[in-house]
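Each value in this text was obtained by applying a stated rule to the coordinates, not by laboratory testing. Please read all numbers here as calculations on a predicted model, not as lab measurements. Note that each Cβ is placed from the backbone with ideal geometry, even for glycine, and that neighbours are counted across all protein chains shown.
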């Protein structure tokens, strides 16, 4: 539900580094966050650390009660998680933040045969779900401070209104969201994550990000 612009956001994989970092930022911005995990008990224990505005559920329960669902699970759990929730997300926005990293070569781009993780999600969920791709290039380490990260977030999706919704949410966790166009373009951001991992290792920094130049200053 939306109240005064605030959302109920389910983060599946919400106990992980990226998911928990997003949770902290969205809670600070006044949204309600439902942390999802394969284990409801693990999720409920975890949200005790997050404070007011956060609740814990298993992944299906979290997806059922939220109007926006964020996939922040490891790539090897991507399709399993989508198949588990597909019956409860019809008509909703599903934000895919999953990067197709294939260990041990996580600093090498290895996109799936389906083009990108986000395109696979859309195919599995069907046209009744608005899949948006975002948050691939936001350093989880920086998010853990619960403050906005100094970087831009590329947002992709085939539905303009859904993209705009996620762009607004990106502004709560980073400098701004930037409209990157249709969902197929998500392959660029997913691939860029491996490049940023390589940069982090080479220059010994905790979370290299991106900035789109030439745009007006973020409001």
Q. With a 10 Å Cβ neighbour count serving as the proxy for reagent exposure, in which order, fewest first, do 75, 203 appear?
A. 203, 75
Q) Of the listed peptides 160-171, 140-151, 5-16, what is their order by residue-averaged count of other C-beta atoms within 10 Å, with the highest listed first? A) 5-16, 160-171, 140-151
Q | Extension gain from residue 199 to residue 212, taking 0.36 nm per residue of separation minus the Cα-Cα distance | A | 2.9 nm
Q: Going by C-beta contacts inside 10 Å, put 173, 98 in order with the fewest on the left.
A: 173, 98
(Q) How large is the Rg to Rh ratio of the stretch 152-207 when both quantities use alpha carbon positions and Rh follows Kirkwood? (A) 1.06
Q | Radius of gyration and Dmax over the Cα atoms of the stretch 63-128, both given in Å | A | 12.3, 37
(Q) Please check: in the Gaussian network model of the chain (C-alpha springs, under 10 Å), which one of 88, 35, 70 has the largest mean-square fluctuation. (A) 88
Q: Between residue 184 and residue 39, take the C-beta separation as r, use R0 = 30 Å, and let me know the FRET efficiency to the nearest 0.05.
A: 0.30
Q. Beyond 22 Å, what share of the Cα-Cα pairs of the stretch 111-215 remains, rounded to the nearest whole percent?
A. 32 percent
Q: Would you give the gap between the C-alpha center of the stretch 53-72 and the C-alpha center of the stretch 135-157, rounded to a whole Å?
A: 20 Å
Q) In what sequence, highest mean first, do 123-135, 42-54, 204-216 appear when ranked by Cβ atoms within 10 angstrom? A) 123-135, 42-54, 204-216
Q.
Run the helix sum for the chain: -39,500 (n - 2.57) per DSSP H stretch of 4+ residues, divided by residue count, reported at 222 nm to the nearest 500 deg cm²/dmol.
A. -10000 deg cm²/dmol
(Q) Taking R0 as 22 Å, what FRET efficiency do you get between residue 83 and residue 113 from their Cβ-Cβ distance, rounded to the nearest 0.05? (A) 0.80
Q. Using only Cα atoms, what is the ratio of the radius of gyration of the stretch 18-167 to 2.2 N^0.38 Å?
A. 1.00
